[in-house]
1. If you line up the long axis of helix 105-116 against the longest principal axis of the chain, both from Cα atoms, how many degrees apart are they, to the nearest 10?
2. Select from the stretch 202-269 those trypsin sites (Lys or Arg not before Pro) which occupy a DSSP coil region and have at most 15 other Cβ atoms within 10 Å, ordered by residue number.
3. Considering the Cα trace of the chain, what is its radius of gyration and what is Dmax, both in angstroms?
4. Just need the relative contact order of the stretch 123-192 here, percent rounded to a whole number, with Cα pairs under 8 Å and 6+ apart.
5. May I ask for the longest run of the chain untouched by GluC sites (Glu not before Pro) that are loop-located per DSSP and have at most 10 neighbouring C-beta atoms (other than their own) within 10 Å?
6. What's the extension gain from residue 114 to residue 288 if we count 0.36 nm per residue and subtract their Cα-Cα distance?
7. How much length, in nm to one decimal, is gained on full extension between residue 228 and residue 90, taken as 0.36 nm per residue of separation minus their Cα-Cα distance?
8. For a quick check: sort 272, 15, 167, 230 by the number of other beta carbons within 10 angstrom, fewest at the front.
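Each value in this text was obtained by applying a stated rule to the coordinates, not by laboratory testing. Please read these numbers as outputs of a predicted model, since none were measured by experiment. Neighbour counts run over all protein chains shown; Cβ positions are idealised from the backbone, glycine included.
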Amino acid sequence: MKKVLVTGGAGFIGSHTCVELAAAGFEPVIVDDLRNSQERAIDGIGRIMGRKPSVHRIDCCDAGAMRRMLATEGPIHGAIHFAADKAVGESVNDPLKYYHNNIGSLVLLLRLMKEHGTQRIVFSSSCTVYGQPEKLPVTESAPDRNAMSPYGFTKIACEQMLRDTTSSDPALKAVLLRYFNPVGAHPSAHIGELPLGVPNNLVPFVTQTAAGLRKQLTVFGTDYDTPDGSCIRDYIHVVDLAKAHVRALEWMEGEGASSCEVFNIGTGKGNSVLEVINAFTGETGAPLPYVIGPRRAGDTTAVYADTTK
Ligand code: UD1
C-alpha cells in the first residue's frame, strides 16, 4: 500500500482525511504531537479503519525526530501537511509562534521530502488568502490580499514557498487546497471536531453550547452589509473536504498535472452566522442561548467559493 504522511493527522481535518485515505487504499502515517487534539481521535480513526494506524507523536518542526520517523517508515508516496496553528487572534499576539510552526514546519518537510525522494505534497491553505474579495463567489485567480493576520500571512507565505520549490525542482508536485469553513463530523461519530480549550470557530462553539459546556454563544456582529447583518461564510462538510485531499493526491499522479495547482474547496454557497444557528436549532431542537456582540477584529464580511475549477 502507498504510504501517505499526514502531519496533523489527529486534528479535525487530518483525522477525517486519514479515514478517507484508508478507504481509497492508501496507508496513512500520522505525525502529530497532540498539542491541539486528543488521543481519542487516533482511537476513532483506528476504529473506522478497522486497524491501528501508524502514529508518531512528534513535533513536525523537530528535524531529528522527523528524520528518524522517515527512516522507520521507508518509502512515502506523498505528504499532506495539515500541522499548523490556526487561531487568528492568537497569531496577532504571538506572531513568532505562527512563523515558527507554520512556516518552519513546511521548510523542514520539503527538505526532508527531497532527501527521502517523496514527490507529492498537498497543502492546507485557506480562503484567508483572499481577504475580503472584491467579487463573490471568489475564484482561485482572485488576487491575494494583504494578509489580515500573521496566521493569514503564513498561508500566503507557504503557498509561495510551494510555488518556488516546485518550479526549482521538476520532480516535485504540489496541490494547494484553499479551504472555506469545514464543519461536521464523520457519520460514525468516532471522530469529529475536538479542539482543546475554548473553541475559536463557530460550529464547535455552537455544539459545545448546545451540549451545555458553554453558557452562551456570542454572534460577532450583526451590523455587516449582509441581508441579516451577520457575516457570511461557505460551510463545507469535513468528509467532503477530506475526500478532496485523496482526489488531489490521485490528480498529481495523472497525466498532464501541472507542478503546482490551487483549488478552492467549498460548496459555493454562503450562509450567515444567524442562518447557521437557526439551522442547528431547527435540526436538533436543542436550545442554543446566544447574544449579539461586537464585531471580531479581522473578520471579513462575506466569502464563499467559486467551485468551477
Ligand atoms: C477563520 C479564519 C480562516 C481560518 C479559520 C481557521 C479569518 C477571517 N478567517 O475563519 O482564515 O482558516 O478561522 O480557524 O480570520 N463567529 C461568531 N461567534 C463565535 C465564533 C465565530 O459569531 O463564537 C462568527 C465569525 O465572526 C464568522 C463566522 O462565525 O463570521 C465563522 O467564524 P470561524 O468559524 O471562526 O471561521 P472564520 O473566521 O471564517
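1. Computed tilt is about 20 degrees.
2. Sites meeting the loop and neighbour criteria: 215, 269.
3. Rg then Dmax for the chain, in Å: 19.0, 55.
4. Dividing the mean separation by the residue count of the stretch 123-192 yields 39 percent.
5. Segment 1-133 is the longest.
6. On the way: separation 174, 0.36 × 174 = 62.64 nm, distance 4.98 nm.
Here the answer is 57.7 nm.
7. Numbers: separation 138, 0.36 × 138 = 49.68 nm, distance 2.86 nm.
Gain on stretching residue 228 to residue 90: 46.8 nm.
8. Numbers: 272 20, 15 33, 167 11, 230 23.
With the sparsest Cβ surroundings first, the list reads 167, 272, 230, 15.
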